[in-house]
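Comments concern the structure below.
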Amino acid sequence: MKKETILLHGGYSEKSNFLPTVTPIYQTVSYDFQSCEHAANLFNLKDEGFIYTRIGNPTLDILEKRLALLHNAASAIVLSSGQAANTFAILNLAKYRDNILCSKFIYGGTYNVFHHTLKKFGIDVIFVDSTNPDNFKKYLNSSTKAIFIESIGNPVNNVDDFEKISNIAHENEIPLIVDNTVSPYIFNPFDFGADIVTYSLTKFITGNGTSIGGAIVEKGNFNWANGKFPDFVEEDISYHGISYFNDFREKAFTYKVRLQLIRDIGACLSPFNGFLTLLGLETLSLRITKQCENALQIAKFLNNHPKVKWVNYPGLPENRFYKNAKKYLNKNFGAIISFGVKEGYEKAVKVINSVKVIRHLANIGDSKTLIIHPASTTHQQLKKEEREEALIGDELIRLSVGLENIDDLLDDIDNALRS
């Protein structure tokens, strides 16, 4: 099936679910066992089936299969949020005294958990200017377990050289993790060397601002038995001696997340949120291409506006990331725009307080157009020098462009800027 068809039909069989055309919501905690032997076989992974919704659920199973098919990947697993997905992706690889190399141009919430919370686990995250791939080479050492970047940095809109970064990762026998939250469907990181892809399903994939969720997708061709990841090969004494790589091969990463982290820590997605995410997937191809189209027009408008100091959108030919964006994103350059207004913070706040159609809230990827001031909200936890390093200035405004009529959006932005 092609991608648009997968979004509607992937991973689902009506015949096995009493013939409903819409995926059912299996809003249940547990599942009946046919016998003690059946129960034992399920727990021992001899039989396929469901035990407890924290570990697996039929509605979520369809969502996971659909996400894997969309990416031409081996497997996927869904979680309670994008934060859980990124956190579990790291915890699945790194332990005390290990480190991760991470782009410094990432979402503020991710920066906070990587910079502060993972330190409590003894995991060091080293933040690197990812716009030059060679910068990663400076910090690689024997304790490095992964490189982590975003497909399009939020909100700086950097588009890095994925192939060069993946080559650096693979030369050092570590995986490349790409958070693809802002560019599902229009970009598949696995096509350019990624090994693990993470999502906040909350954003573009669901697309309606109703449901928080996250996902980890595994390509399935990384060699976890290369000597750097003994936990994948050695027997897991917490699960009667299974070996994730030897027993599950191309799905080793996913099974390790499911049977260690979700089993022990939780952070599972609810079936109802999974159902709403499946509904969102059905229209993803239509929504995100239209949002990218609107964003490009708005970026061009802002670029010529007398009240605007600068515009950062990778679809503008003069943008420093345009070459990479054209190579990797083709003609869909994303739906996030960052721009700076003249005269700084006070004018930026006035613009945000003056919009009428555009909504002011902390989210991206909604069908509605959203606006926010990152320095005082999503990146407020960063110190001033950290914000400056991440290019989050006081004059910066972030737009997440939606599906409204383009003329209404341009009028609203123009009126707010001229106010």
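The values are calculated or read from the model by the stated rules, or taken from the named source; none is laboratory data. The structure displayed is predicted, hence computed values, not measured ones. Counting neighbours? That spans all protein chains shown, and the Cβs are built from the backbone with ideal geometry, glycine included.
Scanning the range 165-196 for residues that are polar (S, T, N, Q) and surrounded by 24 or more Cβ atoms within 10 Å (Cβ to Cβ) turns up Asn180, Thr181, Ser183. Inspect the range 294-310 for any residue being closer than 30 Å to Ala68 by Cα and under 21 Å from the mean Cα position of the chain (by Cα) and give the result as yes or no. Checked against the condition, which is being closer than 30 Å to Ala68 by Cα and under 21 Å from the mean Cα position of the chain (by Cα), the range 294-310 yields at least one hit. Consider the range 80-113 and keep the residues that are closer than 17 Å to Ile265 by Cβ and of a type in the set (Phe, Trp, Tyr). The one that is nearest to the chain's Cα centre (by Cα) is Phe88.
Residues that are under 17 Å from the mean Cα position of the chain (by Cα) and of a type outside the set (Gly, Ala, Ser) do occur in the range 133-147, at least one of them. Looking at Ile186, Ile174, Ile147, just one residue is assigned by TED's automatic domain parsing to the domain that holds Phe275, part of a strand (DSSP E or B), in contact (Cβ under 8 Å) with a residue 40 or more places away in the chain and closer than 27 Å to Lys251 by Cβ, and that residue is Ile147. Annotation: Phe272 fulfils all but one of (1) assigned by TED's automatic domain parsing to the domain that holds Glu404; (2) closer than 30 Å to Ile6 by Cα; (3) hydrophobic (A, V, I, L, M, F, W, C); the unmet one is (1). Suppose the filter is more than 25 Å from Phe204 (Cβ to Cβ), at pLDDT 95 or above and of a type in the set (Asp, Glu); does Asp134 pass it? So Asp134 passes the test. Residues that are surrounded by fewer than 21 Cβ atoms within 10 Å (Cβ to Cβ), polar (S, T, N, Q) and more than 19 Å from Leu79 (Cβ to Cβ) do not occur anywhere in the range 247-260.
Every residue, every condition in (1) within 23 Å of Ile205 (Cβ to Cβ); (2) among the hydrophobic types (A, V, I, L, M, F, W, C); (3) free of Cβ contacts under 8 Å to residues at least 40 places away in the same chain; (4) not assigned by TED's automatic domain parsing to the domain that holds Asn180, yes or no:
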position	(1), (2), (3), (4)
Tyr313	yes, no, no, yes
Leu316	no, yes, yes, yes
Leu329	yes, yes, no, yes
Ile336	yes, yes, no, yes
Gly340	no, no, no, yes
Ala362	yes, yes, yes, yes
Ile372	yes, yes, yes, yes
Ile392	no, yes, no, yes
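Screening the range 1-28 for residues that are aromatic (Phe, Trp, Tyr) and within 18 Å of Leu67 (Cβ to Cβ) and picking the one that is modelled with the highest pLDDT gives Tyr26.
Taking each residue of the range 85-102 that is polar (S, T, N, Q) and looking for partners that are surrounded by fewer than 24 Cβ atoms within 10 Å (Cβ to Cβ) and not in a helix (DSSP H, G or I) with beta-carbon atoms closer than 6 Å, six or more apart or interchain, yields Asn99/Asp124; Asn99/Ile126; Asn99/Ser143; Asn99/Thr144.
In the range 152-167, which residue that is free of Cβ contacts under 8 Å to residues at least 40 places away in the same chain and in contact with a Pro (Cβ under 6 Å, 6 or more places away or on another chain) is farthest from Ser376 (Cα to Cα)? Before you say what the answer is, go through the steps one by one.
Step one: list which residues in the range 152-167 are free of Cβ contacts under 8 Å to residues at least 40 places away in the same chain, which gives 163-167.
Applying the additional criterion that residues be in contact with a Pro (Cβ under 6 Å, 6 or more places away or on another chain) yields 164-165.
Values: Lys164: 34, Ile165: 31 Å.
Across the range 152-167, the extreme among qualifying residues is Lys164.
Condition first: closer than 15 Å to Val217 by Cβ and either out of contact with any helix residue (DSSP H, G or I) (no Cβ under 9 Å at 6 or more places or on another chain) or of a type in the set (D, E, K, R) (or both). Now tell me which residues in the range 240-264 satisfy that. Across the range 240-264, the qualifying residues are Glu250, Lys251, Lys256, Arg258.
Any chance the range 56-79 includes a residue that's of a type in the set (Gly, Ala, Ser), surrounded by 22 or more Cβ atoms within 10 Å (Cβ to Cβ) and either more than 21 Å from Phe190 (Cβ to Cβ) or in contact with a Leu (Cβ under 7 Å, 6 or more places away or on another chain) (or both)? Scanning the range 56-79 turns up at least one residue that is of a type in the set (Gly, Ala, Ser), surrounded by 22 or more Cβ atoms within 10 Å (Cβ to Cβ) and either more than 21 Å from Phe190 (Cβ to Cβ) or in contact with a Leu (Cβ under 7 Å, 6 or more places away or on another chain) (or both).
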